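Written below as structure tokens is the structure these notes are about.
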Amino acid sequence: MSTSRSSASLRRPAYPRMSPADADRLRSHLTRALGDSKVIAGEDAVFAYAGDESEQEPVLPDAVVLARDPRDVATTLAIASELGAPVTPRGAGTGKSGGCVPVCGGVALAIVGMSAIKEIDRKEQLCVVEPGVVLADLHAAVEAEGLFYPPDPNSLKLCVLGGNVAENAGGPRAFKYGTTRDYVLGLDVVTADGKALVVGRRTKKGVTGYDLTSLLVGSEGTLAVTTACTLRLLHKPESVATLLALYPDIDTAMRGVAEIVGGTSGARGLVPRCLEVMDGTCVAALRSEGFGVDERAGALLILEVDGDVATVERAMEEVGGRAADAGAIEVLAAQDEAQRARLWEARRQFSLVTRKLARAKISEDVVVPRTELTRLVMTVRAIEERHRVRMLTYGHAGDGNLHVNFLWDDPADEPKVELALEELFRAVVALRGTLTGEHGVGTSKAPYLALEQSSELIELQLRIKATFDPKGILNPGQIFPRRGHGSC
Ligand code: 2HG
Ligand code: ZN
């Protein structure tokens, strides 16, 4: 908990850019060192590297570098460091917090061209991958070897490992298996001055020196640029089963969550690998997309268990039984792989489905202690009514991590959305929760950081940032409000 909190500023700062002459110099240095084929310039050409999947306004970089190997990354950073130019590393652009929006211009450093799976070691249960590997491709490759890489943000067919590492991506399976950080053994990185560095290890255990690997994971591209990731793997579970529990309303669904995790009855908590919730607005959105959800349902849980066949059978009984006892209308089990896939497809598409509901949406990813989930849902309802803002809630209930979405059509509604948003964040902190569980602070939540963290803690992190990146060129404007690139 913070010891001193200042009020968060709702205004997004104006970020200064390089002068046109400096931008020209930057482009010519980059082109000379890397060649024409790796450097893109011109407004139309760089637009694809300006934004992400959040509501943050895209900002055009002055140049895009298409890195093919770690040398390209090192060259780019050495030049940028010499010229004092901002560099925003960029994966697939699927982020939700503006984390790869180059708010100060400069270089957008695209790492998706480094996309080799360099090694899968079955005996050591690890793999080494470049940062541009698409997560779904990694899943397929390791599963073909009987291994398993659990992190699974819903954008897995698009997102890349470098982005996952930068944001410490989570997803539905995090309830049982944890997030990306739990699987990163080591990283090859390039620091802001263009030096290659290897952090971490290949071994299962290791406590040599500070745990810089953990610090770099989730640092949102502000400390170094990843060029390879050494990842821990598990054995692939023998069997998986998926359940759908339908409830009359969100409060009853939350009772289901509490029953399953052992919150109410005092019984031993169960740990299904996924425990996802959707409220009534989400269920209605699914129906309007053609998913035939029972008309009586005003909320639902998606539950998934894994293990050996006997364990899965027992877990289905136990989890399904508790879900039913909490007041479910019905608990259905996916009958085959095709049904499972359809259910998850509906869930994976959900972020895009909700985009269609209004002209604008903000999707938050607040986390509260699980025992406060019901209170969070009540708070969301109260905020929705008080500010007359359309909201919906879904997400990773097992982790207490809910995607509270704000939807609006009329730009004139923005001030009340901002008020509602700040109220949500204040309530989450008061419930001893945290602002972001998986999407990162980025630029979108930077103005609110001080709601959760003390000024002393923020200052300490800024000193760490300055140690890694003394000139403040790496991903300026992210995480910390109004700090970053020297000229910002
Ligand atoms: C998910 O869980 C993602 O589907 C995206 O974290 C959440 O965009 C969202 O609302
Ligand atoms: Zn999520």
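Pairs please, first residue from segment 127-155 and within 16 Å of ligand 2 (Cβ to nearest atom), second anywhere and part of a helix (DSSP H, G or I), Cβ atoms under 6 Å, 6+ apart in sequence or on different chains.
P150/Y177; P151/T180; N154/R348
Given the criteria within 16 Å of ligand 1 (Cβ to nearest atom) and aliphatic (A, V, I, L, M), does I302 qualify? Quick ask: steps written out before the conclusion?
Details: within 16 Å of ligand 1 (Cβ to nearest atom): yes; aliphatic (A, V, I, L, M): yes.
Spelling it out, I302 is indeed within 16 Å of ligand 1 (Cβ to nearest atom) and aliphatic (A, V, I, L, M).
Suppose we filter F468, F425 for residues that are open to solvent by less than 10 Å² (accessible area, probe 1.4 Å) and in contact (Cβ under 8 Å) with a residue 60 or more places away in the chain; which single one remains?
When all the criteria are applied, what remains is F425.
Go through segment 156-205 and give me each residue that's small (G, A, S), open to solvent by 40 Å² or more (accessible area, probe 1.4 Å) and without any contact (Cβ under 8 Å) to a residue 60 or more places away in the chain. Show your work before the answer.
If we filter segment 156-205 for residues that are small (G, A, S), which is where we start, we get 162-163, 166, 169-171, 174, 178, 186, 192, 194, 196, 200.
Applying the additional criterion that residues be open to solvent by 40 Å² or more (accessible area, probe 1.4 Å) yields 196, 200.
G200 - this is the single residue of segment 156-205 that is small (G, A, S), open to solvent by 40 Å² or more (accessible area, probe 1.4 Å) and without any contact (Cβ under 8 Å) to a residue 60 or more places away in the chain.
Take segment 407-435 and flag every residue that is part of a strand (DSSP E or B) and within 16 Å of ligand 2 (Cβ to nearest atom).
Scanning segment 407-435 gives a single hit, T434.
Can you tell me which residue among A346, A358, A338, A333 is surrounded by 15 or more Cβ atoms within 10 Å (Cβ to Cβ) and away from ligand 2 (no atom under 16 Å from the Cβ)?
The unique qualifying residue is A358.
Mind telling me which of the residues A21, A48 ends up being in a helix (DSSP H, G or I), open to solvent by 20 Å² or more (accessible area, probe 1.4 Å), farther than 25 Å from I479 by Cβ and outside the structural domain of T226 (by TED's automatic domain parsing)? Working first, answer last.
Working: A48 fails: farther than 25 Å from I479 by Cβ.
Selected residue: A21, the only one of A21, A48 that is in a helix (DSSP H, G or I), open to solvent by 20 Å² or more (accessible area, probe 1.4 Å), farther than 25 Å from I479 by Cβ and outside the structural domain of T226 (by TED's automatic domain parsing).
The values are calculated or read from the model by the stated rules, or taken from the named source; none is laboratory data. As the structure is a computational prediction, the values presented were derived from the model and not from experiment. Ideal geometry is used to build each Cβ from the backbone, glycine not excepted, and the neighbour counts take in all protein chains shown. In case anyone asks, the SASA skips ligands and DNA or RNA and just uses the protein heavy atoms, side chains included. Shrake-Rupley method; radii C 1.70, N 1.55, O 1.52, S 1.80 Å.
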